[in-house]
């Protein structure tokens, strides 16, 4: 890999710069990001109050313009006009890399349509920071914010549970406490890393096997990043039903349908759903 050793940016092209900012610790910002922000005619940000803290610390006096999820569609034409006038414009979020579960995609798409120069300025990201210390397989799927409603959870998680890669979520501490049963239902045979306050003063990381998650002695606050391992990371699923399991299935199949029996047995034992289903089918056919 060839690295550019000259940190000076002499010929800065007009256009839109997607600038990553700290996710907590204000020291986590690159020299290049600071230079781009200083030389920007305008900086588009989510909350001007949050962004002013960063700009004040580094004595940056560029013009701030609010660009959040409630006004980005309304303001997009104005921003495109600014960009067409050969201005240098930076897009930042409250924390981390813009457009990753944050506003900005509306403007990115319009900039592409209008052939505006787009340049990413890499830097902090909660998802990559969390994944880097997970110790899991190097393949991962970034979901974003944990879903809110039950139908979305059911539809999405049935697909996610089949992925043999790590999965990342953003979630509030309050919602995490309510969602442990859901996580156990779909990811029982995996490991999980719970990342609290990444880069901040109360930064902590907690590791569990999903079936043994215990938050009773953990003081979780604020935004959390979850990293769930790939399938069978710590304990491969057995494909063997014991005689005791089979007797239990024979009783349950008289009261419940096959899907309900599979869920009940799977919730208690680390056995593949396919093995349970096939045995249930066999019992049904023998009747």
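Annotations
- Once the Cα-Cα distance is subtracted from the 0.36 nm per residue extended length, the residue 178 to residue 105 segment shows a gain of 23.2 nm.
- Choice from 101, 272, 93 showing the highest fluctuation, given a GNM over the chain with Cα pairs closer than 10 Å: 272
- The distance from the alpha carbon centre of the range 23-94 to that of the range 113-155 is 21 Å, rounded to a whole number.
- Relative contact order [Cα under 8 Å, 6+ residues apart], the range 15-124, whole percent: 46 percent
- Residue among 219, 86, 71 with the largest mean-square fluctuation in a Gaussian network model of the chain, springs linking Cα atoms under 10 Å: 219
- Cα shape, the range 243-286, gyration tensor, a/c 1.5 rule: rounded
- Residue with peak Gaussian network fluctuation, the chain [Cα springs, cutoff 10 Å], from 107, 241, 91: 241
- Potential lengthening between residue 63 and residue 137 on full extension [0.36 nm per residue; Cα-Cα distance subtracted]: 22.4 nm
- Sites residue 81 and residue 159, calculated FRET efficiency, Cβ-Cβ separation with R0 30 Å, nearest 0.05: 0.15
- In this structure, residue 145 and residue 286 have a Cβ-Cβ separation that, at R0 = 45 Å, corresponds to a calculated FRET efficiency of about 0.45.
- Across the alpha-carbon atoms of the chain, the computed radius of gyration and Dmax are 24.4, 81 angstrom.
- Using the Cβ-Cβ distance between residue 35 and residue 207 with R0 set to 45 Å, the FRET efficiency from 1/(1 + (r/R0)^6) comes to roughly 0.70.
- Debye intensity ratio I(q)/I(0), log10, the range 127-228, q values 0.21, 0.23 Å⁻¹ (C-alpha model): -1.17, -1.44
- Spin-label model distance (nm) - residue 128 vs residue 264, 7 Å beyond Cα toward Cβ: 4.9 nm
- Relative contact order (percent, whole number), the range 243-286, Cα cutoff 8 Å, 6+ residue spacing: 43 percent
- Beta bridges assigned by DSSP with both partners in the range 15-124 are antiparallel in approximately 5 percent of cases.
- Fraction of beta bridges assigned by DSSP in the chain that are antiparallel (%, nearest 5): 45 percent
- For the range 18-146, the fraction of alpha-carbon pairs in successive 10 Å shells from zero, as %: 12, 44, 32, 11, 1
- Relative contact order of the chain, taken over Cα pairs closer than 8 Å and 6 or more residues apart, is 16 percent.
- Residues in the range 107-134 reached by a label modelled at residue 199 [backbone nitrogen below 12 Å; 7 Å Cα→Cβ]: 122-130
Taken together, the values in this text are just the output of simple stated rules run on the coordinates, not laboratory data. Everything numeric here is computed off the predicted structure, so don't read it as measured data. Cβ sites come from the backbone with ideal geometry, for glycine too, and all protein chains shown count toward neighbours.
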